[in-house]
1. If we scan region 113-126, do we find a residue that is out of contact with any strand residue (DSSP E or B) (no Cβ under 7 Å at 6 or more places or on another chain), crowded, with 24+ Cβ neighbours inside 10 Å and of a type in the set (A, V, I, L, M, F, W, C)?
2. Step by step: first the residues of region 24-76, then only those that are charged (D, E, K, R), in contact (Cβ under 8 Å) with a residue 12 or more places away in the chain and in a helix (DSSP H, G or I), then the one that is farthest from residue 89 (Cα to Cα). Which residue is that?
3. Tell me which residues, restricted to region 367-412, are at pLDDT below 95, β-branched (Val, Ile, Thr) and in a loop (DSSP other than H, G, I, E, B).
4. Only one residue in 101, 63, 12, 87 is at pLDDT below 95 and either under 23 Å from the mean Cα position of the chain (by Cα) or within 30 Å of residue 220 (Cα to Cα) (or both), so which one is that?
5. Which one of the conditions (1) assigned to a loop (DSSP other than H, G, I, E, B); (2) over 25 Å from residue 403 (Cβ atoms); (3) at pLDDT below 90; (4) more than 16 Å from the chain's Cα centre (by Cα) does residue 348 fail to meet, given that it meets all the rest?
6. Out of 343, 385, I need the residue that is surrounded by 19 or more Cβ atoms within 10 Å (Cβ to Cβ) and either farther than 23 Å from residue 299 by Cβ or of a type outside the set (A, V, I, L, M) (or both). Which one?
7. Need the failing condition index for residue 363 against (1) touching a residue at least 12 places away in the same chain (Cβ under 8 Å); (2) more than 22 Å from residue 402 (Cβ to Cβ); (3) out of contact with any strand residue (DSSP E or B) (no Cβ under 8 Å at 6 or more places or on another chain), just the number.
8. Six or more apart or on different chains, Cβ under 7 Å: which pairs go from a residue in region 210-233 that's under 19 Å from residue 253 (Cα atoms) to one that's hydrophobic (A, V, I, L, M, F, W, C) and assigned to a helix (DSSP H, G or I)? Could you list them?
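The values are calculated or read from the model by the stated rules, or taken from the named source; none is laboratory data. All figures in this text were calculated on a predicted structure; none of them were measured in a lab. Note that we place each Cβ from the backbone using ideal geometry, even for glycine, and neighbour counts take in every protein chain shown.
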Amino acid sequence: MPVIIALVLVVTLVTTVPGRAAQTYSRPDLVRFQSRIIDYRSRINPRFKKRVRPKTRLIIVHTSELELESTLRVVSRGKQFKNGRTTPGGHANYVVARNGTVYRILDKNYRADHAGLSMWNGVSDVSDISVGIEFVGHHYAPLTSSQYTSAGMLLFILKQVYGLQDNDILTHSQIAYGRPNRWFPKNHRGRKRCAKNFDRIRAGLGPTWPFDPDVRAGRLTQDTMLAQVFYPAPGAVVYTGKKASQALESNVISKQNSAWSIAGEDYDAPNTAYVLPDGKILVGDRVASNLGWDRLPEGTKVLLNQEPEQVREQAKSIIKTISGRMTARSHAGGAYHAASTIYFLPSNQILKGCAISDLDDLPSGTRLVVGYKGPFIIKKNKTAYGIAGAKFKDPETIYHIPGRGPVQGNRIPDFSDLPRGTGVYLPIAG
C-alpha cells in the first residue's frame, strides 16, 4: 500500500510566480496526492545499503533519459555497464512518470546515490545533502503537464518537511561537474545535461540562483551553454518561445549544438548513437577513430542510452517502429510533431504528429513514416496507379491496408486485390 508522507505543515498553499496565475493546494488535494504515490521500496536492490541522510539542504531534479520501465529498473535495481560493472541501485528517492504517477523508490530521509560527481556552493557529493527526483523523459524534450502538476505538489511537501526555499531546488545539470577532457582543461560544469529543460514556472517555483557559486569562486570552469540556460548575463539576448524551445530541446547537431552540448559526458559512450544525415550510424566510442569529432556533420541526431544494433536496423527501414528505447524523437528528430510524420498505432488508428498531445506515451509497436502526405484513398474509380503514377510499386510509396497496417509498395504482390479504403501515403520530397 502507498505510504503517506508524514508531515504536511500547511493546510492551503497559494503560490504566486511571475508569469503564472496563483495556485492553490488544499489539504484534501495534498492528502489525495500522497495516497496515490506508488510504494516501490520493496524493489530496491538488496545490495543497496540504506543510510539516513544527516541533513537536507537541496532537492535535485533529473530527467531519466529512459522510458518508465527502464527508469524504474535502473533507479531501484542499479545500472549495468558494458564492462560488466554494476551499481547496487538506490539512484533516486522518487520517480515521476509522464502520466504524473509518482513512485517512491527510497524513503525521503534516506540518502539516494543520484548526483554522482557533483558540487554546489563548495559542498562536494551533493547526494549527501539532497533528495533526488527523476522525471521520466529526455533533456531535449518537454516534460508533460501531468508531470508538472505532480512536481508542484511533491516539491511543496518536501520544501515544508525540510524547511527549504524555491532556490534550494536545482537540476542535475546545475550541480554535476566533470574532470578535464578534450573540451575543458580543468574541472568544469556540463558533465550532465539532465533536466536542463525543467520549467520552474510550470512546477510552481520562483527563479533559481542568479549565478553559479562554484564558477564564481573559481572552483569550476563555466559551461557556456548551461550558463546561458540558467544564468543569462544582464542585457544578454535571451530567446523565448519557439526559438528557446528549439535551442533547449534539440538533439540534432548544429553550429550552436555540439555533441558535448547535447550529450555531456556521454558524448563518447558506447550506448550513445550518432545517426548521420546519410543514414550511417556511429557509436560514441567509435566516432573519434572512424570520423573525428570535428567532422560530425550538421543534422546528425544524437541518441542516448541506445542499443546501437537496434538503431542500425531501424535506420534501414522507411517504416520505423517504436519499441524499447526507440521513441518517436529517436526516429523523427525535430519532425516528431510535424503534420508530415504519420503514426500508425497498433489499434489501427492513424494520427499525424501535430495531432498527438504526448508522443512519449505512444504504445510500443506504433509504426511511423517521416516526410509524407496523405492519405489518398483507393476507390472504385481511383487505383493505386491513378494516385501514385509510375511510383505505385516504389518502396517509398506506403499503403495502409485496413487490418494489416502500413506496407511498402514493393511488398504488395497484387494491386488488383487491394481493398477499397486503403490509404496511400506519398513522400513529400517525391
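1. no
2. Keep residues of region 24-76 that are charged (D, E, K, R), which gives 27, 29, 32, 36, 39, 41, 43, 47, 49-51, 53, 55, 57, 65, 67, 69, 73.
In the following step, the residues that additionally are in contact (Cβ under 8 Å) with a residue 12 or more places away in the chain were identified as 27, 29, 36, 39, 41, 43, 47, 49-51, 53, 55, 57, 65, 67.
Narrowing the set further to residues that are in a helix (DSSP H, G or I) leaves 27, 29, 41, 43.
Details: 27: 34, 29: 32, 41: 11, 43: 10 Å.
Filtering region 24-76 for residues that are charged (D, E, K, R), in contact (Cβ under 8 Å) with a residue 12 or more places away in the chain and in a helix (DSSP H, G or I), the one farthest from residue 89 (Cα to Cα) comes out as 27.
3. Once the filter is applied, which keeps residues that are at pLDDT below 95, β-branched (Val, Ile, Thr) and in a loop (DSSP other than H, G, I, E, B), region 367-412 yields 378, 383, 412.
4. Working: 101 fails: at pLDDT below 95; 63 fails: at pLDDT below 95; 12 fails: either under 23 Å from the mean Cα position of the chain (by Cα) or within 30 Å of residue 220 (Cα to Cα) (or both).
After ruling out the rest, the residue left standing is 87.
5. Unmet for residue 348, out of (1) assigned to a loop (DSSP other than H, G, I, E, B); (2) over 25 Å from residue 403 (Cβ atoms); (3) at pLDDT below 90; (4) more than 16 Å from the chain's Cα centre (by Cα): (2).
6. Of 343, 385, the one residue that is surrounded by 19 or more Cβ atoms within 10 Å (Cβ to Cβ) and either farther than 23 Å from residue 299 by Cβ or of a type outside the set (A, V, I, L, M) (or both) is 343.
7. Against the list (1) touching a residue at least 12 places away in the same chain (Cβ under 8 Å); (2) more than 22 Å from residue 402 (Cβ to Cβ); (3) out of contact with any strand residue (DSSP E or B) (no Cβ under 8 Å at 6 or more places or on another chain), residue 363 comes up short only on (2).
8. Here the result reads 229/248, each pair linking region 210-233 to a residue that is hydrophobic (A, V, I, L, M, F, W, C) and assigned to a helix (DSSP H, G or I).
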